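So that we are looking at the same thing, I have put the structure below in structure tokens.
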Amino acid sequence: GINAEYGIGSPSEEDTSNLANNQQSISLEVGRQANLDIRGTPATPRNTIRSDPSLLVDQAFVRSIKLEVRHTVSVNIEENEESDGDDDGISNIVVEINWPMKDKNGNYLLYLSEVYVKDNQIKDNFVIQDNDVIDPLCLFEYNVDNTAPRCAEAAAVTDESAEGTGLTGSELNTNCSASDPGCVKFNVTINLLKAGSINMKDLEFEMRSIMWLPTILNKGDFNATSTARIVSVGQNLVIPPGSFVEMKTQVSEETSKEKDVLWIIVGSVIGGLVILAVLIFVLWKVGFFKRKMPPRDGSAS
């Protein structure tokens, strides 16, 4: 580290007795920058839902992959010729996730059900530090008596949301890159990344959530934005600049669009039949359908 002292005020105007009060010290911790890169991708940049109230009867929506919102984060260690000790890799990489779990009224919006390590990477290299945020068991247990606080909360919110939240369209927008009350934070830790390793030079994980239909059904379109940022790394390394990503999914309803498509199909069929009828009429007028009879024997004499 670097230590420095500085004074406040002009020396000619200083009172000797107060000089000590004007002396301040500053300590700077200088370290080598971690050779890391973080990327974020919305695996579902847009998700269209169908206005189907029957899904709410038995809560079947929690079992539908089509109603998932998934955001993917990848962290990789970049190879550097001047590695200076990076051969052993970078350890204890902590990534903070900020997820749009609820709307502004506290009703579930995107119920986080799983954080999944993708591909064939070593799952033991990945630790979720706050399991209270992710609880997939509640998705299938809120219709029965359950003493788990998390599941009880989900059940209560389901009942309240069924009566309507009062929020529609853009009011449901949840942006975790700003101060939004509907977002929840949790940390994940990547134990080790090594530039020279095939399986450990990067790690990709995905947040998977269920769109909570009692809150959003028939409420119009909205956006949900999550964030991920590296908050600490091991070996006294400095976090590289730009270690922050945003991922956004637009959720929309297709009810009105379906009606528009239906009318287009009906209009196209009717228009096609009219054109066909006009074509047949024109061909009939020009005698296309009249058959020329062959001359009878002896008719020429």
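Strictly over 23 Å apart at the Cα level, which of LYS194/LYS248; LYS66/LYS118; LYS102/LYS201 would you flag in this model?
Violating the 23 Å limit, Cα to Cα: LYS194/LYS248; LYS102/LYS201.
Sort ILE134, ILE275 from largest to smallest accessible area, using a 1.4 Å probe on the heavy atoms of the protein chains.
ILE275, ILE134
In percent, what relative contact order does region 165-280 have, based on Cα pairs under 8 Å that are 6 or more apart in sequence?
26
What figure in square angstrom, to the nearest 10, would you give for the accessible area of LYS219 with a 1.4 Å probe?
Rounded to the nearest 10, that gives 40 Å².
On a 1.4 Å probe surface of the protein chains, which of ARG208, ARG229, ARG39 comes out largest in accessible area, and what is the full order?
Largest accessible area first, the list is ARG39, ARG229, ARG208.
Work out the FRET efficiency for LYS201 and ARG63 from their Cβ-Cβ distance, taking R0 = 41 Å, and round it to the nearest 0.05.
Here the calculated transfer efficiency is 0.70.
Turning to a different aspect of this structure: With every protein chain kept in the model, how would you rank TYR111, TYR116 by accessible area, 1.4 Å probe, largest at the top?
Sorted by accessible area, descending: TYR116, TYR111.
Rg(Cα) of region 165-285 divided by 2.2 N^0.38 Å?
1.93
Pulled fully out, how much extra length does the chain show between THR189 and ILE280, if you take 0.36 nm times their separation in residues and subtract their Cα-Cα distance?
25.5 nm
The values are calculated or read from the model by the stated rules, or taken from the named source; none is laboratory data. Just so we're clear, the structure is a prediction, and the values are computed from it rather than from any experiment. Because the Cβ atoms are built from the backbone with ideal geometry, glycine has one as well, and the counts that use them run over all protein chains shown. Side chains included, ligands, DNA and RNA excluded: accessible areas come from the protein's heavy atoms. Shrake-Rupley method; radii C 1.70, N 1.55, O 1.52, S 1.80 Å.
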